[in-house]
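Taking it in order: structure first as structure tokens, then the write-up.
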Amino acid sequence: MPRLLPTRIAIAPDEALDSFLERLAAANDLQPAQLLRLLRTPGDERSRLAFFMVKPDPTLLTAIASISGVANEKLREATLARFGDGLPLRFNGFDPRDRHSYRNVIAQGWFPTTGSQVCSPCLSERGSWRIEWRLPLAAVCTHHGTFLTFACQGCGRRFRSHHHSPLRAIIGPDHPCGNPLGLRNPCRHSVIDHHPQAAPRALVESASGVARALSGEPIPMLGVEADAQTYLAELRHLATLLLHLASRAGAPSVVAWADEVHAEARTRSTTLRGPRWGYSPPQDSRVRGHVLDTSARILAEGSLQSAGARLAPWIDLITAEGNGPSVWMLNRTTRTPIMEQLIHAATEGRHHVGRRLTKMSPSNVSLAASSIPQLFDEDLFHELFDGMLGGYDRTRRLYVSLCVVRAAAAATTWSEAARELGLAPRKGPATAQAASKLMQVSPEQFARAVHRAIQLLPRDRDFRARELRVQTLARQSDRWFPQWCISSNPARRTSSYPYAVTWMWCQVSQGCFDTSPAWSASPSRHLRAAYVAFRDRLPRPQQELLQSLVLTVASD
């Protein structure tokens, strides 16, 4: 057993064990390597020092206690084991003698990487390193109101990034970095020469809340007092989700710190996947400080509803996701009951109109899908929906028809609604997505207008029969088109045939221009312009003739 050193020093309540040992070595005029040799035993050197700052071997703590005179429990509190039992780390299944078991703690996410951050003013004043500086949840020094410095300006690496020794190779009053740059060539850049950036007051306040939780103090969360373990876990889960949201293309226009997130995401992305924020948060303490502050303020709301309202604006970054924002967010965080409830509260007020129409389906109104045109009645549209939607008139009217089908018929998806209208299934989701982006009222208000439209639409119309009739007329043009051409003076040219068919399709059957049976391929914008000119100049008598062809049941 190693003997007690002649000079003993006290360990600070929040000091890191490696910092204490370096100060102990200096007090006894020893080099760090000499002190470590006192702690080693033959045949067991590497295993005892492998996880020196994580959860040290009990025999190693006993050896340190024998040379320092400090109790084992105080020494244990100077390692990351201080933050075990969910404050915020867990060491279940970890054995410091078995290096393979280290995977069990790494997999929990946001586990401290090798090395430490630092507050250089604190280090200059106290002369010791805090153990909490190693935690990813620590980003701001609450005493000086500054961001922690996360990398040395000399070597560019995280402080105390040693591969072979848990202590710095060199120590001194100017606190050299000591990171190895090569064989017997440590970085000599002074740690206390770093000038930290001031943190906003709001971030200092949220960092104080994290510090209280790290000490085991209960924290108010979503209107109730939560134990420290739950608070720290949910804070990390929400911060992970916000980092994924901040990685989206439009995020820099929402939050200023998203640029730094994107910069680090580029260095951590591969061709197969993006950055794994749930596994390892950003290195930059400024980014972590901002995302933790945003998460803390959401969790500090007095209810799930108000917290969801605070999270809801972030959903604008993922509105185009195919499976919806709820699924996207749940797949990018830990699915705890609190996170599921928070995401549900954030998306509750933003559910697309289709979901609300399903809830509002009027059981006392019978309206067949065949009574609903592809393009909703123009006059009724302007009466009920004027000012509710932006974009092209044809897109708005088609969207309303899709909504009416979902509310009145058996369709439960946009694709089914499109099929009920005789359209390609892919037309439904595409139209709904385009229209929802330009909606200028709440989903509830729009759904009420759809409910009103169902009550006002005539029940005696059959637009599927009209569409079938126009398709038949398009195939049998020799039976009606020549007579229709000579019904005007001068006679119509034969080149007006596709426009006449399209007029019947759009004006009488109220179908979409693109789906007219007159077109063998997707019509160009020039054909659309030519049709508009034809439609606007068509005399009333010839309109009536075309209309009668569709509405009169012929005996073919």
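The values are calculated or read from the model by the stated rules, or taken from the named source; none is laboratory data. These figures come from a predicted structure and were not determined experimentally. No Cβ is skipped: glycine too gets one built from the backbone with ideal geometry, and neighbour counts run over all protein chains shown.
Remarks
- GLU217, sole failed condition from (1) in contact with a Gly (Cβ under 6 Å, 6 or more places away or on another chain); (2) outside any helix (DSSP H, G or I); (3) closer than 21 Å to GLY84 by Cβ: (1)
- Residue among GLY178, GLY182 that is at pLDDT below 95 and crowded, with 21+ Cβ neighbours inside 10 Å: GLY178
- Among residues of segment 19-37 that are free of Cβ contacts under 8 Å to residues at least 60 places away in the same chain, those with a Cβ under 6 angstrom from a residue that is surrounded by 18 or more Cβ atoms within 10 Å (Cβ to Cβ), sequence gap 6+ or separate chain, pair up as LEU24/SER68; ASN28/LEU5.
- Residue within segment 192-210 that is of a type in the set (S, T, N, Q) and closer than 21 Å to ASP18 by Cα present: no
- Qualifying residue in segment 471-494 (condition: within 48 Å of the chain's Cα centre (by Cα), modelled with pLDDT of 90 or more and surrounded by 14 or more Cβ atoms within 10 Å (Cβ to Cβ)): yes
- Some residue of segment 77-86 being among the β-branched types (Val, Ile, Thr), closer than 22 Å to SER285 by Cα and either part of a helix (DSSP H, G or I) or in contact with a Phe, Trp or Tyr (Cβ under 6 Å, 6 or more places away or on another chain) (or both): no
- Within segment 63-76, the residues that satisfy the criterion of being without any contact (Cβ under 8 Å) to a residue 60 or more places away in the chain and in a helix (DSSP H, G or I) are ILE64, ALA65, ASN72, GLU73, ARG76.
- Look at segment 212-225: where a residue is free of Cβ contacts under 8 Å to residues at least 24 places away in the same chain and a partner is in a strand (DSSP E or B), sitting 6+ places away or on another chain with Cβ atoms under 6 Å, you get PRO218/GLU225; ILE219/ALA226.
Residue-wise test of (1) of a type in the set (A, V, I, L, M, F, W, C); (2) over 34 Å from the mean Cα position of the chain (by Cα); (3) surrounded by fewer than 17 Cβ atoms within 10 Å (Cβ to Cβ).
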position	(1), (2), (3)
PRO373	no, yes, no
PHE385	yes, no, no
TYR392	no, no, yes
ARG396	no, no, no
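Okay, residues lined up against (1) closer than 19 Å to ALA368 by Cβ; (2) out of contact with any helix residue (DSSP H, G or I) (no Cβ under 9 Å at 6 or more places or on another chain); (3) buried (at least 24 other Cβ atoms within 10 Å of the Cβ):
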{"position": "VAL400", "(1), (2), (3)": "yes, no, yes"}
{"position": "ALA409", "(1), (2), (3)": "yes, no, no"}
{"position": "THR412", "(1), (2), (3)": "yes, no, no"}
{"position": "LEU421", "(1), (2), (3)": "yes, no, yes"}
{"position": "PRO425", "(1), (2), (3)": "no, no, no"}
{"position": "PRO429", "(1), (2), (3)": "no, no, no"}
{"position": "ALA432", "(1), (2), (3)": "no, no, no"}
{"position": "LEU438", "(1), (2), (3)": "no, no, no"}
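- Consider segment 504-556 and keep the residues that are part of a helix (DSSP H, G or I) and β-branched (Val, Ile, Thr). The one that is nearest to the chain's Cα centre (by Cα) is THR515.
- The set of residues in segment 508-556 that are buried (at least 16 other Cβ atoms within 10 Å of the Cβ) and within 19 Å of PHE376 (Cβ to Cβ) comprises VAL508, SER509, GLN510, GLY511, CYS512, PHE513, THR515, SER516, VAL550.
- Qualifying positions in segment 243-279 - aliphatic (A, V, I, L, M), crowded, with 16+ Cβ neighbours inside 10 Å and farther than 26 Å from GLY84 by Cβ: LEU245, ALA246, ALA251, VAL255, ALA258, VAL261, ALA265
- Screening segment 319-350 for residues that are assigned to a loop (DSSP other than H, G, I, E, B) and modelled with pLDDT of 90 or more and picking the one that is surrounded by the most Cβ atoms within 10 Å (Cβ to Cβ) gives THR333.
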